[in-house]
Structures are given as C-alpha cells and as structure tokens.
1. Limited to region B:509-536, what total is found for residues that are under 22 Å from the mean Cα position of the chain (by Cα), facing chain A (nearest Cβ under 10 Å) and crowded, with 24+ Cβ neighbours inside 10 Å?
2. Run residue B:491 past the list (1) out of contact with any helix residue (DSSP H, G or I) (no Cβ under 6 Å at 6 or more places or on another chain); (2) surrounded by 22 or more Cβ atoms within 10 Å (Cβ to Cβ); (3) within 14 Å of chain A (Cβ to nearest Cβ); (4) over 26 Å from residue B:261 (Cβ atoms) and report the number of the one that doesn't hold.
3. Of the residues A:457, A:452, A:469, only one is more than 14 Å from chain B (Cβ to nearest Cβ) and on the phi < 0 side of the Ramachandran plot; which?
4. In the set A:481, A:468, A:399, which member is under 20 Å from residue A:498 (Cβ atoms) and surrounded by fewer than 20 Cβ atoms within 10 Å (Cβ to Cβ)?
5. Take region B:239-265 and flag every residue that is touching a residue at least 40 places away in the same chain (Cβ under 8 Å) and more than 19 Å from residue B:162 (Cβ to Cβ).
6. If a residue counts only when it is buried (at least 23 other Cβ atoms within 10 Å of the Cβ) and more than 8 Å from every other protein chain (Cβ to nearest Cβ), which strands (runs of 3 or more DSSP E) contained entirely in region A:198-308 have at least 1 such residues?
7. Quick one: how many residues across region A:341-361 are loosely packed, with under 14 Cβ neighbours inside 10 Å, at pLDDT below 55 and part of a helix (DSSP H, G or I)?
8. Within region A:78-95, is even one residue modelled with pLDDT under 95, over 19 Å from the mean Cα position of the chain (by Cα) and more than 13 Å from residue A:149 (Cα to Cα)?
C-alpha cells in the first residue's frame, strides 16, 4: 500500500475540480474587495524545491519493511503541510523550508509500535498523518530539538468491526470519511459525521482534533460519539474500556481525544453509530437578520427536537455566499427568489436538515417550522436546501479558485454561550475587518452559526480580501492574531472544531490557563519524554 | 456556619426515619437468608472511641478563622467515614482507628486556597468532604505519609448563579441536591440529577465522582451536564472556559470531573439546566424476564425517545424488592396484583418515568408503550410507578433497619455494552452468590439495569445475607473481591457511578491499564507534589 496521491498537491481534493465564478460573482467581488492580481503556482511539482532529506537509521526501515518507507519528493511534499491558507500560500511559492525526511506507513499497530520505539530511541520527530487536511498547521514538519523527522502515514490502518447489537464500530484511524461511511453502510448504519473536510479527512484525525461535523447538532460532535479509543505513545499503549460509561476517575478517553498527535498516535477508535436515516430533508429559510435567527436556533437547541443540521449565515455571509455560489440546481420560483436575493442586503439564510425515520423527521420538522415561523423567518424551499447540501463540501474548492485569482481566503471558528454569542460575533468580525482595512486590503467578513448546543453555539468566520503580494503570510498572521485576540478577550474558545495545531498553540495558555498547560505538559512528559511526538503543536505555545 | 449534624451519625439520613419490615417481608427474609442475630451499636455517640487529635499549626486556624475549625469528637466522627456498608459496620463497632484531626470549613475559594497552601507547606493530608455519602471509602481519613489530616468541609460554598438565556447555572460545591434544586426551581429550571443519595450528597461530590442519577437516561449523567468546572489544587487554580464546546486539546474538564479529591478541590461547577418539567409520570410494567426486558430497554435507548427514568429489576430483585418494600400507597386492583406478585417467582419489574412538556411526555410514552407491548410486558399502572417514586431514596434507610437486625447489605455497580451485558449480569451475580455461600451465609443477590445508554447500560447489584458476627469486614471484603474480579474478567467497568475511592483503587490498573495509571499519577504529581490530597484513594491501588 502506498500513500495517497489522488489530490491536488497544491490545493484541495480532486485535481479535476476547480469551480469557476460567474459574472455576477466576479462583479460583486470586484466591487467589494477590489481588482485582483492573479497568483499562479511558482513551480510545478517536478520543479518544487524541498530541502534534502536527512538519512534515517536502518532500524526504522526494518521496523516496517522497505516497501513501507517513501522518500520521493512528491511523497515528502504531500506530507509537508496541511490545507490551511498559510499552507497553500507556501505551496504557491514553489519552495518549502522543511519537509519530512521520509513517509513511513506502518501496516498495523505492531509496526506502529516498532516505529515509535525506534524514533524514541534515536530521537526522530514523528508527525502522525491522516488525511493531511488540517487547517491549523497540525501536520507541519516542525522538528523541535530533533534533526530528523518522519511523517507517519496512518493510511494502512483500515480495520472495520461493527457491533450492531450495541451500535458501535471499531474503525481504523486511516479510513477517510467516505470509506468509513461506505463500510458502515454495508451494515445499515452511519456515523453521521460530515465536516467540510469529510471527503479526505480520516477517522484518526476526527478523534485527534475533536472534529465537529455539519450534522453535529443532531448526531453529536465526534468526541461525543467516541466510546473508546487507543493511544500508542512512546512509553505506553493506552486503551479505554468499551463500556458505555464509567465513574472510574478522570476520563483517560478525553485526554486522548483531542491530543493532536503530541501524546502519541491513535490507531483506532470505537464510535457509536446509528441506523442509516430513511429520510433526508434539507431546506432553506430566510430570517430577518442574524440576531433574530440565532434566537430561533437557541429556542430549538433548548427544546425537544433539533434538526440534525442547523446553520445560520449572518447578513454579510447570506449576501456574499448567495452571490458567489450561484443558483446551482435551484429552479422555478425558488430560482427567482434566489436571483433577487443575490443583489439584496439584509436577511439571514437559515439551512435546516433532518435525517432519520419518517416519524422523527416529521415531528422535528414540525417543531422547527413552528420556531422559524414564530421568529418571522420565510420559507425558501427544499431546492435551496438541496443546493446547500449539494455544495456542502465545495468551500475548499472555491478557495483554490479565489487564491488562483489572487485572493486571501481563510476561515476560523470559535464558540460561546448564547448569552455572549452576539458580543463575540461583533468583536471578531470587527477585529478581522479592521485588520484587513489597516493593511490596505479591505475584505469580506462572513460568519455563520452552526453546531447548536443547548448552552451556546459555534461561530464560523470566513474572510476574503486581496492578498498582499509577496507578504501573504505576514498579512494572514496579522488578521489571524487580531481575530484570536478578540476571541480570547471575549472568553470564547480559540477553536470549536478546527483544533489547535501550530496556529493556535500560542493561545492555549489563555484557553486552559498556566496550570492547565502545565498539567497537559506533565502528561506529555510521561508519555513522550523524548518529545518526539508532533513537535511545535498544541502545547508548544 | 457549622458542619452539618442533622443525620444519623451511625447510619443514613434523617435520625427519625427507620422503616420497619412487615410480617411478609420478615418471613421471606428468614426463609431466604436464615435467622438473624441483632446487631446493636456498641457505643452511643458520647462513648464512641476515637484516637486523640494531633495538634495542627496556628497558620491553619489563621487561614480560615478559629470559628471555622471544628475539633469536637462529634464533628471528627461525622467526618471520619462515608456511608458504605464497611463504614457503617465500623460505626456499629463503637471505635474508629482513625479520624480527622479537625474539620476545617472555608468560607470561600480564597480561604480554601489559603488552607491548601498551609497544608502543602506543612504536609497535612486533606480529605475534601461534601455530603459524606461516599459508598466506596471516598472520604476515609487515610493519612498516607502524613502524620496529620484534616477534613475539608465544603458546606459553606453555596453560590448559585443562573443564566436563563444559556440555560446554565454555576453552583457551589457544598449545596446538597435538594438545596440546589430549590435554588434552581426559583428560576423555573432543574438539574434533573436524582441519585439515591440526592437528599444528602452535594454538587461538588456529584462532579468529583461522576455521579449518575435515577433520571440520567433522560437528563444525562452528571459528567455530561457539566459545562465547566474549577479545581483548586496545591500547585494551581484550574478553570475551564464556559463555552459549549471546544476542540482545544485534551479536555481538562474531564480530568477534573471524576478526580475524587486526589488532584485538588472542586469549589464550584457550571452545569446545564433545563426548564422544570410540566408533567411527571411514573409507571410500572412487568416483563417476562430480565433478558426480555433488557431487550426492550435496548430498543428504546437506541430509538428516538427514551423515558427520563428506565429501570429493570431482574427476577430476583423483582421478587425480593416487592417482598421487602410492601405495597406502599398502592390501592385497588394494582394492590391485588402487587400482593400476588409478592409471592410469585419470575417476571422482571420495569419502572419507566417521564418528565417534560406534555407533548414530549405523550410522544415518548407512546414510543415506550409500543416497545414494552412488543416485548410482551404487562402494564401494572401508575400507582406502582408512584410507589417506586415515593420510595426512590429509601434504600439506605432500609439498610439501617436490616443491619440493625443483623444483616450484611451492600450494593455495587458496573456497566457494559448491550452485547456483553447478560454475560456480565450472570457472572457477577454468580460470583457474589458463590462467595456468600462459601462463607456459610447464603444470601439474596439482586440486580437492576438502569442508566440506559445507546451502546449499553449499567447493572446495579444488591446483596443481603446474614453477617458473620465479629468478622463482618472480612466477610464483606471477600464478597467485594469476588464481584470485582468477575467484573474485571468480563471487561466491565469497576464502577458506573459510585466512583473508585478506597474500595475500587486496587482495580484501577485493570480499568485504565498500567500506562493509564502512570498518566493519572503524573497529573497528580504536577498538581499535588506533596501528595496531601485525599491519600489512599483512586490512584493509590
């Protein structure tokens, strides 16, 4: 088995998919952020510049067999970064300062153990690699104190064991979202975990980053569906019991979930699954504004029957995303409404999605419609909902297009209680907008509310502006810092579901306090005394 | 404010409450476990023998003020044990080998901080004390390496802050269950946490032990409703953010919840609350047997509408508990059925309870009734359900009565996936029964399933036998060991909701592995390097 090479090496997903913007979208973009200067790739794959690979000890090759060690430039490059804006900006520059010395792909947990043993002994840094879709610098080849570094590709860990009686499934870390769903689907069940990265991200990554999916309001965040987990660490092999609940002390499972490779490697995860839904129904509504829509969602989240998917775009995103995405698949009356909306200000687009048995969907839809109507939202129809569903994984493809045109496009997310959500929304949007304007690149700043919880919700920001050619990373860092500081000042979390990685590590002390960081570092010291596991991430701020 | 002295010093709860068994119950008991030899208290409170108190440094008194340090024999005795069978057996003996040197009752978190600072410096062991209702030796005054020990009574930490918009409440650790509910009730909300210890256990204890309540199938286990928590540890003051969810690394909250006082003290907890239910409906059903009933519950737990309370007694418990509890409050036709059942073998009593809005209760009851009827269960009526509800906190009172008559009465609990639940049920019941018989004191062994999760459920065992006079603790230890080993052999958890304390500490390695124990001990070393926090518990096995 070889590492995957089926995605764009410089961008997102399927190499053939590069959406084009229509005239309406281009016009709005020009009007709002100014004229763009194209941003071509500085080098093709063959001419891309990587530092030479350091030699690795023969024991490492012996641990997995030579056929499981890959050191071609392409494999090194493909494992040298995730898929955040900064990663892709570096790719466009045609050269990277660092890359793994090799990609090692253990066949099973035993080989994985052997690799960790060699790397601990030899002081070789290890970056666990699943789908490579991190948008927070989670898989960057940072060596820390170690002269050598490998990317540990988990793609061969593909076990699937389904227990239909207990509705659980043990899944190998290397399964991509669709592969896991396909295997579960053969048993009639689903995990229901559909983040935007679903098509390429892996089970191990979902667990290591506390992922939340677009349907997490209904199916639960990934950490909430993990029933047990295993961690192979340099000093230990941890497994939690597969019991539904225990009161036996602090939850080790919750130390492993979210550990982002800095404590060890998650080779497999046992998750709770559900029967595949008989019915799927997506629809769109238009609320009077973001605050009104958030109130509707709060009512639903605190009531007895939330949809699986509920998502509210603020006024800026409503206008902007309708403008950019175009009327895909929307026909008839809804099409007219759509076209009208593309040029109108105000209003907040609400997407609701129901999945389940017919009876359950009907009941919850009735509660949801009641809430939406009481909040003065207007029905836009199922076609508009299906249009969202159809495009639910398209965001990163659109980013490729916009970056190629010369734009900076980035997203970030946070969460807070309902009580402080609007304050957080305003403060972060302002911080991003101000930072962009101060740099002479005023931009679009969009936000949507998703992942509704009884006590609060997440906010997901997207911003688009001209890039500062030649200073793209500095431009990005300034906005990111402004947004992060605004989040911290409001008491929001630095990340609701993208994880910490390298980018948010400086904010972990604000998140968990000095004492909390000391505790997590003590855990790392116990499990990884040589500090080989994913240096420079999570606890390194 | 003084420490509470409103409960039996030698038993459970209200000193005036000591239920009597009727003739039917006494007859069945005699028939099943043999004639009992009364077990009187060896000494009254005034004559109870305690070791002399070690002198404590003046700095400790200065930290809280002399009016917050209590060293009377009564206060020392009342803080010298929890309320497990072994605790109460020791009480009946009239003498304890150890007791706290004083009870210290800080007024607030600042005083608590000062107490921890003095105790860290001076090497004084600290046992955090909430309701003192631990049944696993969680508050025993074990000194470890320290010559002096205080009981840290949290009864003065009584803050209540309700956020109705986000449906959360910050609650002081020292609030008893009914006090918290009363305060929340003034705002129209409820925590919905009703363990059998509800009347005397505290908020801090619920969090420190990962408590589950009788209605946890509906409202969620206590750990699942904690949105944020604070820990005052010797080296740190940890607070987690009050955001609904975060992906920022391992969950510190889940390290604090369940820490049982060995890492520090939980002064307050923020929990998610719900509107008070408009409707409460409890009812009883009779299934053909335990396995059939467990299948019904599995179907409900994996479906779209579980009752708040669902509980199934196995055949032994059904017969035994009906026999012992008598027909309280049951009249008419249900009364006749009840009387008949008291002498009949076979059948598994199912209690279901619904709490919520009328519509939600009606809907879920309809689903539940459908499931029960499909599983061939027979309706016993609401009166029998109310009888259970009326007696839901009576178990510990009945234990006082039975112990006074000369019986050993103990409970223990575990959980597993549905796939292995029946195996666990059989193995543990057999282990307990065999151990009792081997000791010449054959007994009643009951079990009920409660706390239904989608992937499994908990099993709660009760056993009653003659005591081995003069060797009560040895007798208890043998049975407890047999049961614990059977649980471990089946891969069940050593505790679903009673926690670990002293009694289960030897099984923590089986629960979390050697590596897991090392990790938790590294956390303790970081937060409590002097090892003063609750020695001999949780991680001391």
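1. 2
2. (2)
3. Details: A:457 fails: more than 14 Å from chain B (Cβ to nearest Cβ); A:452 fails: more than 14 Å from chain B (Cβ to nearest Cβ).
Within the list A:457, A:452, A:469, the selection yields A:469.
4. Values: A:468 fails: under 20 Å from residue A:498 (Cβ atoms); A:399 fails: surrounded by fewer than 20 Cβ atoms within 10 Å (Cβ to Cβ).
Just a single option satisfies the conditions, and that option is A:481.
5. Within region B:239-265, B:255, B:256, B:257, B:258, B:259, B:260, B:261, B:262, B:263, B:264, B:265 meet the criteria.
6. On the way: elements: A:226-232, A:237-239, A:268-272, A:279-287.
Once the strands (runs of 3 or more DSSP E) in region A:198-308 are filtered for at least 1 residues that are buried (at least 23 other Cβ atoms within 10 Å of the Cβ) and more than 8 Å from every other protein chain (Cβ to nearest Cβ), what remains is A:226-232, A:268-272, A:279-287.
7. 0
8. Of all residues in region A:78-95, those modelled with pLDDT under 95 come to A:95.
Among the residues that remain, those that are also over 19 Å from the mean Cα position of the chain (by Cα) are: A:95.
From the residues that got through so far, the ones that are more than 13 Å from residue A:149 (Cα to Cα) too are A:95.
Looking for residues that are modelled with pLDDT under 95, over 19 Å from the mean Cα position of the chain (by Cα) and more than 13 Å from residue A:149 (Cα to Cα), one finds at least one in region A:78-95, hence yes.
The values are calculated or read from the model by the stated rules, or taken from the named source; none is laboratory data. Since this is a predicted model, take the numbers as computed values, not measurements. We place every Cβ from the backbone using ideal geometry, glycine too, and count neighbours over all the protein chains shown.
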